2 protein chains.
Amino acid sequence: MTSKVLALLDAFSPSTPALTLSELARRTGMPLPTVYRRAAELVAWGALERGDDGRYRIGLRLWEVGSLAPRGLGLRELALPVMEDLYEVTHENVQLAVRQDLELVFIERIAGRHAVPVLTRVGGRFALHATGVGLVLLAHAPAEVQEQVLAAPLERYTELTITDPKRLRRCLAEVRRAGYAVSDRQVTMDALSVAAPIRVPEGVVAAISLVVAHDRADPVALAPLVQAAGRVVSRALNSSTGSAV
Amino acid sequence: MTSKVLALLDAFSPSTPALTLSELARRTGMPLPTVYRRAAELVAWGALERGDDGRYRIGLRLWEVGSLAPRGLGLRELALPVMEDLYEVTHENVQLAVRQDLELVFIERIAGRHAVPVLTRVGGRFALHATGVGLVLLAHAPAEVQEQVLAAPLERYTELTITDPKRLRRCLAEVRRAGYAVSDRQVTMDALSVAAPIRVPEGVVAAISLVVAHDRADPVALAPLVQAAGRVVSRALNSSTGSAV
């Protein structure tokens with residue numbers, strides 16, 4: 001069954017990257033012999049690797065196949081030169097994200113060494129309603145996605161996180177009008193991010209942002225820089241054939 | 001069956017990243033209705049995505065799970081600051097690779113804008129016997145891996161590629177003795193690479209290299225720089241717990 005294979009993969013997460021056989025059985029609800037047999041097949045193919053400690057981890061072969069995802073490495077390869085330019089001229093954190101269901105996934109990050117610390121991890125997820133990239137992705141998401149996010153409880157990260165659906169709705173309208181989003185201390189009290197959309201003819205497919213220390217940030221000055229970067233990546237994306245990001 | 005799910009994923013490659021249903025059926029040898037049903041399950045989970053053009057591509061969810069591979073993004077995150085340092089002081093191409101079976105897989109690459117063009121692609125594979133990173137990985141591979149590579153035909157990329165097993169065996173011994181590998185125009189006639197091992201107590205798990213234009217390269221000067229970088233990544237790897245790279 002396809003679903004059993006996928007359930008095994010689902011058991012792994014950033015907080016549980018290495019699992020024993022019995023942990024796999026517990027997390028998937030499958031009997032131990034079934035898990036053992038399927039895990040062995042996945043190891044043989046390279047989707048899982050078993051370490052000297054007996055734990056299973058995601059294998060390099062799965063990483064290789066995953067690298068073929070247009071919205072992952074494909075997008076990253078197109079955006080990276082532009083992200084490096086943004087980093088060179090600002091020495092701040094640069095981030096690239098896409099929406100997956102009701103969350104965002106960070107596709108790439110350049111961390112400024114002396115910039116404000118950020119918690120993002122490539123491949124990691126985050127809520128849409130707090131970060132700059134999240135606000136851009138949410139503002140341009142299909143109406144049903146927006147309604148689902150607005151209807152669910154909005155987690156509070158700081159005292160400035162927007163948790164009132166009505167305020168968030170107005171904020172999203174402003175993001176669409178302005179062409180960029182500002183998240184001012186809405187994730188952590190020391191950081192501000194400015195994000196802009198990356199578009200294809202069908203709509204916004206990704207967002208790029210600068211994350212800077214709140215006390216030295218000037219969003220009005222940063223916005224054109226980030227918007228220009230978003231437009232360069234958009235153009236690269238639209239001229240690459242068959243990417244279907 | 002696990003194997004049928006994996007066969008569907010196997011159909012995708014860097015040269016065939018987007019496939020129609022009938023192409024999937026042809027490549028996997030499965031009947032069309034079976035392929036259709038399994039592909040739909042993979043789409044529902046996010047392992048595949050179906051574009052407006054009707055073609056299937058690897059989905060972001062698989063990229064997310066793949067990002068948990070210790071030998072993929074885990075290694076890359078530890079190595080990236082060191083690779084950036086190497087790039088800053090040389091402005092040349094920097095590469096990071098691991099061995100998978102009888103080939104190498106490029107885990108990360110920083111491409112110098114004005115440096116010699118290189119063909120490597122993150123997630124892409126290459127033979128072990130020609131590049132600098134490949135020679136390091138092969139020199140420190142288990143004996144049975146070395147014998148398999150030496151017994152198979154060694155592809156010629158340029159007139160300087162080592163294709164004689166006896167010469168290659170001597171070259172590998174020299175790589176182990178020197179602590180670094182030099183590939184001088186053995187992949188393309190304009191490039192030279194210098195590579196060094198990344199080690200854990202159990203052995204060499206990855207290799208890092210600089211790829212420079214052959215006519216401005218001084219391998220003897222570059223070697224200590226690359227070896228030092230390899231040692232910094234090794235130390236980072238050994239002090240990170242439970243990585244099992």
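The values are calculated or read from the model by the stated rules, or taken from the named source; none is laboratory data. These numbers come from a predicted model, not from an experiment. Backbone-built Cβ (ideal geometry, glycine too); neighbour counts: all protein chains shown. Side chains are part of the model used for accessible areas, which takes the heavy atoms of the whole protein and leaves out ligands, DNA and RNA. Shrake-Rupley method; radii C 1.70, N 1.55, O 1.52, S 1.80 Å.
Descriptive notes on the structure:
- Test: residue in the stretch B:63-72 that is in contact (Cβ under 8 Å) with a residue 40 or more places away in the chain, in contact with an Asp or Glu (Cβ under 9 Å, 6 or more places away or on another chain) and more than 7 Å from every other protein chain (Cβ to nearest Cβ): no
- Matching residues in the stretch A:95-133 - criterion: being closer than 20 Å to B:LEU78 by Cβ, aliphatic (A, V, I, L, M) and more than 11 Å from every other protein chain (Cβ to nearest Cβ): A:ALA115, A:VAL118, A:LEU119
- Single condition B:GLY54 does not satisfy, out of (1) open to solvent by less than 50 Å² (accessible area, probe 1.4 Å); (2) on the phi < 0 side of the Ramachandran plot; (3) within 12 Å of another protein chain (Cβ to nearest Cβ); (4) not polar (S, T, N, Q): (2)
- Boolean, B:SER22 is loosely packed, with under 13 Cβ neighbours inside 10 Å, modelled with pLDDT of 95 or more, part of a helix (DSSP H, G or I) and out of contact with any Gly (no Cβ under 6 Å at 6 or more places or on another chain): yes
- Meets criteria (over 30 Å from B:SER15 (Cα atoms) and surrounded by fewer than 16 Cβ atoms within 10 Å (Cβ to Cβ)) for A:ARG121: no
- Every condition in (1) at pLDDT below 90; (2) closer than 14 Å to A:SER209 by Cα holds for A:GLY51 except the one numbered (2).
- Condition check for A:LEU48: surrounded by 21 or more Cβ atoms within 10 Å (Cβ to Cβ) and over 19 Å from the mean Cα position of the chain (by Cα): yes
- Any hit, the stretch A:69-86, residues being in contact with a strand residue (DSSP E or B) (Cβ under 6 Å, 6 or more places away or on another chain), open to solvent by 10 Å² or more (accessible area, probe 1.4 Å) and under 15 Å from A:VAL226 (Cβ atoms): no
- Residues of the stretch B:87-118 satisfying the condition of being touching a Gly at 6+ places or on another chain (Cβ under 6 Å), crowded, with 18+ Cβ neighbours inside 10 Å and more than 14 Å from B:VAL133 (Cα to Cα): B:GLU92
- Residue satisfying all of: in the stretch B:136-171; farther than 23 Å from A:TRP63 by Cβ, under 19 Å from the mean Cα position of the chain (by Cα) and hydrophobic (A, V, I, L, M, F, W, C); surrounded by the fewest Cβ atoms within 10 Å (Cβ to Cβ) among these: B:LEU154
- Residue ranges of strands (runs of 3 or more DSSP E) in the stretch B:170-222 with at least 3 members within 18 Å of B:MET83 (Cα to Cα): B:191-200, B:203-213
- Filter pass, A:LEU9 being open to solvent by less than 30 Å² (accessible area, probe 1.4 Å), at the interface with another protein chain (Cβ under 9 Å from one of its Cβ atoms) and not in a strand (DSSP E or B): yes
- Test set (1) touching a Gly at 6+ places or on another chain (Cβ under 6 Å); (2) surrounded by fewer than 18 Cβ atoms within 10 Å (Cβ to Cβ) - B:VAL200 fails condition number: (1)
- Enumeration of residues in the stretch A:25-47 that are in contact with a Gly (Cβ under 6 Å, 6 or more places away or on another chain) and either of a type in the set (Val, Ile, Thr) or in contact (Cβ under 8 Å) with a residue 24 or more places away in the chain (or both): A:ALA47
- In the stretch B:25-41, residue surrounded by the fewest Cβ atoms within 10 Å (Cβ to Cβ) [restricted to those that are part of a loop (DSSP other than H, G, I, E, B) and on the phi < 0 side of the Ramachandran plot]: B:PRO31
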